[in-house]
Ligand code: LLP
């Protein structure tokens, strides 16, 4: 489903014309569609209908409370990687028994809060972390339900910066060492080893790496059971890719079939941690053209959005389709142009020599597929306030995060008395 379409020559989010939102909140802003979130949720969840699966939305992809609530109302649990995200998930209405806490470096304070909240599972990624959790949980008189995240040494065949399942990555415990780790886990106070977790990377375009990783995990579950561990769950991570340009991501149905085949044979309950697949195509970034600059042999479209608002192009060379909000007339000429932001860095470039129809100064453009890892990765570099987020639902829209004022940014800082 595409919630962002031209109607009457103007790009809309569902039934709301984007210029109307721009007038109300100013640019740049992120805009999310409830219908698109709903469609992405159903595409994923329906593929697993009837399976023993909990879909724990990876909140890191888009942690706006309204987005989490939208998914929570449809049955999502949450995968969180910090106590901040855990509090968001709880505040958005996700019950603790549907929350998984992942991440390579949880502090003792974070683990204590998670244990006290009674969340479903804590995924540990190293022996020191396992021992720290043991001390924390035992100190609270609790036993924490634990998965060890294993590193299966599988190449996810995705961008090197978002690949996590190779031996050289910092993530998880080498799968060959897992037996010894589970033996220690079972002997530690405060720890209840209940699951095995894996996550090999993000924006995967092939199913084979998933299958290989899942099969390795299944094999490990068998071995662990023989060793006497009562493992009845598997956490198979996230990573399913989406279309940004012309990619052909694997079908949800095929992905679900692999999960079912691997987990069903073991009678395991499965948690999944999709992020991007649920929110990526449900959001856009809308920006105004400040200037059109004619360079020597190169023209630039200078926008009011910058790398601090949407980091993916400068960080991963990611492609985001850029469209004018005013629909180009039929047969309007397309010209290559560099689309850049106003930040003082060469890497503040969204697209190089992108063929675009003419867009005039003051007009709006939209970056598509910006719902995942957009707003959440933004910074205030160059003292640019974080930009607002807007959620559309049919013909309604609401500001779900307002733009802070520059005064608020300055107010968080202090000049010491000796100055
Ligand atoms: N589970 C774990 C343990 C993860 O580390 C991640 C993502 C996910 C689940 C969700 O993965 P997804 O379904 O969204 O692929 N900022 C990068 C992506 C980083 C992904 C980090 N981990 C980007 O903009 O492409």
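Can you give the extra length, in nm with one decimal, that the chain gains between residue 403 and residue 363 once fully stretched, where that is 0.36 nm per residue apart less the Cα-Cα distance?
Numbers: separation 40, 0.36 × 40 = 14.40 nm, distance 2.06 nm.
Stretched fully, the residue 403-residue 363 segment lengthens by 12.3 nm.
One chain, two ends: residue 65 and residue 243. Fully extended at 0.36 nm per residue, the span grows by 61.6 nm beyond their Cα-Cα distance. As a proxy for reagent exposure, ranking 42, 320 by other Cβ atoms within 10 Å from fewest up yields 42, 320. Could you work out how far helix 34-47 tilts from the main Cα principal axis of the chain, as a 0 to 90 degree angle to the nearest 10? Between helix and principal axis, roughly 30 degrees. Counting only DSSP beta bridges with both residues in segment 34-279, the antiparallel share comes to about 5 percent. Of all DSSP beta bridges confined to the chain, the antiparallel ones make up roughly 50%. Relative to the longest principal axis of the Cα atoms of the chain, helix 252-264 runs at roughly 10 degrees.
What ranking of 199, 269 emerges when the number of other C-beta atoms within 10 Å of each C-beta is taken as an exposure proxy, fewest first? Please report the intermediate quantities before stating the final value.
Working: 199 26, 269 16.
Ascending Cβ contact count within 10 Å gives the list 269, 199.
Taking all Cα pairs closer than 8 Å and separated by 6 or more residues, the relative contact order of the chain comes to 19 percent.
Sorted by average packing, counted as other Cβ atoms within 10 angstrom per residue and highest first, what order do 342-349, 228-235 take? Present the calculation step by step, with values, prior to reporting the outcome.
Numbers: 342-349: 14.5, 228-235: 18.5.
Highest-to-lowest ranking by the protection proxy: 228-235, 342-349.
Here the Kirkwood formula puts the hydrodynamic radius of segment 41-151 at 14.3 Å, using every distinct Cα pair. Each helix, a run of at least 4 DSSP H residues, gives -39500 (n - 2.57); summed and divided by the residues of the chain, these come to -8500 deg cm²/dmol at 222 nm. Between residue 49 and residue 169, the simple spin-label model (points 7 angstrom out along Cα→Cβ) gives 3.2 nm. Principal-axis analysis of the Cα atoms of the chain puts helix 127-139 at an angle of about 70° to the longest axis. When 212, 307 are arranged by Cβ crowding within 10 Å, least crowded first, meaning fewest neighbours, the order is 212, 307.
Is segment 1-90 rounded, prolate or oblate when judged by the Cα gyration tensor, a ≥ b ≥ c being the square roots of its eigenvalues, rounded requiring a/c under 1.5 and prolate requiring a/b larger than b/c? Working shown, then result.
Numbers: a/c = 3.61, a/b = 1.53, b/c = 2.36.
It is oblate, given that a/c is not under 1.5 and a/b is not larger than b/c.
Bear in mind these aren't lab numbers, they're just calculated from the coordinates by the rules spelled out. For clarity, every value in this text was computed on a predicted model and none was experimentally measured. Glycine gets a Cβ as well: all are built from the backbone with ideal geometry, and neighbour counts include every protein chain shown.
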